[in-house]
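Engineer: Just dropping this structure here.
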């Protein structure tokens, strides 16, 4: 991989949503928040809008159905009801039986690195972090002993599952990918010829869609930071696991939320692991397991699992990939116009944190959002984000759209292109401005205004703006008042990783 390109070159190369000569005229895109506790991106290839509506409904319906079976966070799910039983053979749904069987299989294949009872150790670390202390040796030893037990037994003849102990268990290691695979199948059954489902960074693709997938750099903080790599995929699943969005903070130190069930210790060597596989459950399970296992263990397991490729980003800065990974990588653009001159790294940059307003509907579409920077002459120097689904509604972003000049500068800057990353909270986004314009050139010191605009189709509208002094020296923080579409936003001008 060539990771020396500037942000501008990387940005341009992954902003194009579809590879090859594939037309997007009949690809319908939608975004929903609060789906399985995170965000959903859905792309459907259909012949008509009516077919797209039908396929989208089928996807959402299947997600809801399987979540009502597998959720560890709903007291009324079938899984939660089953967990409350003890030493009783219970006839369970095909989905629950299937997932429990898969956990048994992956637990054996990973030599215990993937275990549904890792929640046992997670709770130990959560309690310790609340008390701002590290867990004691006795607490960790007790957790390990608990996790090494058998937690259930399955009867394939009668299709029953017997819950055996009181260890906290959760099915979240690969449940999103498992559900996404069935939801994609539901879309195809409803008439779609191609489908992409991205739930919190775990992506399933089926049918006649070929997609460029940007893989988040675990050392980056913002949605629009350059990806660490780009791959082109079709009829595959890609899942990423990492410790860079969640974890435990104790005495100023950060510990991964990914726990090794064999030791009850946070997995620290691997910052992120990305796995490509044909089967969604395999991709999701191995992405979690590879974050726990040593690189050599991961290499051996991947070699023994047909159709699996992977990329590991290690804490020491190394990137390790499987032998065939390079065949999936997208060549980076080499246009010299997108290279910034070699200059000293700026001492300060700007992080923009924004949170979409929670609508009363438990699942809601993401509004259209534009985030950009203007100078004191009201000239747009940089578009940081443009999230939209149908171009005909772009004029609803009134301030962003008010002149062809702004629109032309933002052309091709849709940052909603599919991204594989660790799961994040729904509706929360971080963007970075590195002090460069759309051409990748550093701006002059002075006053600049940050605009955050949001509009909903046939709905409400909101605009925020804040002037900052970009001098490379004086750190500053700002809190912006929320509106009907953006619950709140903050600007942090300072030194960031």
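Engineer: Can you sort 158, 28 by how many other beta carbons sit within 10 Å, fewest first?
Structural biologist: By the 10 Å Cβ count, ascending, the order reads 158, 28.
Engineer: While we're here: Fewest first, what order do 151, 163 take by the number of other Cβ atoms within 10 Å? Intermediate results must be reported in sequence, preceding the final value.
Structural biologist: Values: 151 23, 163 20.
Fewest to most other Cβ atoms nearby, the residues stand as 163, 151.
Engineer: Continuing with the same structure: Label 7 Å along Cα→Cβ of residue 127; region 236-272 residues with amide nitrogen under 20 Å?
Structural biologist: Residues passing the 20 Å test: 247-251, 255-267.
Engineer: Okay, moving on. Could you tell me the center-to-center distance, by alpha carbons, between region 70-114 and region 28-67 in angstrom?
Structural biologist: What the calculation gives is 26 Å, centre to centre.
Engineer: Over what distance in Å are the Cα centres of region 224-279 and region 155-179 separated?
Structural biologist: 23 Å
Engineer: Still on this model: Take each of the peptides 473-485, 59-71, average the number of other beta-carbon atoms within 10 Å over its residues, and list them starting from the highest.
Structural biologist: Details: 473-485: 13.6, 59-71: 20.0.
Ranking the peptides 473-485, 59-71 by packing returns 59-71, 473-485.
Engineer: Taking neighbour Cβ counts within 10 Å as the exposure measure, how do 199, 179, 468 sort from fewest upward? Kindly include the intermediate steps, with their values, before the conclusion.
Structural biologist: Numbers: 199 24, 179 30, 468 18.
Ordered from fewest to most neighbouring Cβ atoms within 10 Å, 199, 179, 468 come out as 468, 199, 179.
Engineer: What's the Cα-based Rg to Rh of region 108-201, Rh via Kirkwood? Can you show the working numbers first?
Structural biologist: On the way: Rg = 18.4 Å, Rh = 16.4 Å.
That ratio equals 1.12.
Engineer: Take peptides 319-329, 368-378 and line them up by average Cβ neighbours within 10 Å, highest first, as a rough protection proxy. If you can, show how the numbers build up before the last one.
Structural biologist: Details: 319-329: 14.7, 368-378: 18.9.
Most protected by this proxy first, the peptides run 368-378, 319-329.
Engineer: Shifting gears a bit: Provide the gained length on full extension for the span residue 487 to residue 379, in nm with one decimal, where the gain is 0.36 nm per separating residue minus the Cα-Cα distance. Let's see the in-between values first.
Structural biologist: Values: separation 108, 0.36 × 108 = 38.88 nm, distance 2.72 nm.
So the extension gain works out to 36.2 nm.
Throughout, read-outs are computed from the coordinates displayed, never taken from laboratory work. Values in this document were obtained by computation on a predicted structure and should not be read as measured data. In this analysis, Cβ positions are derived from the backbone assuming ideal geometry, glycine residues included, and neighbour counts consider all displayed protein chains.
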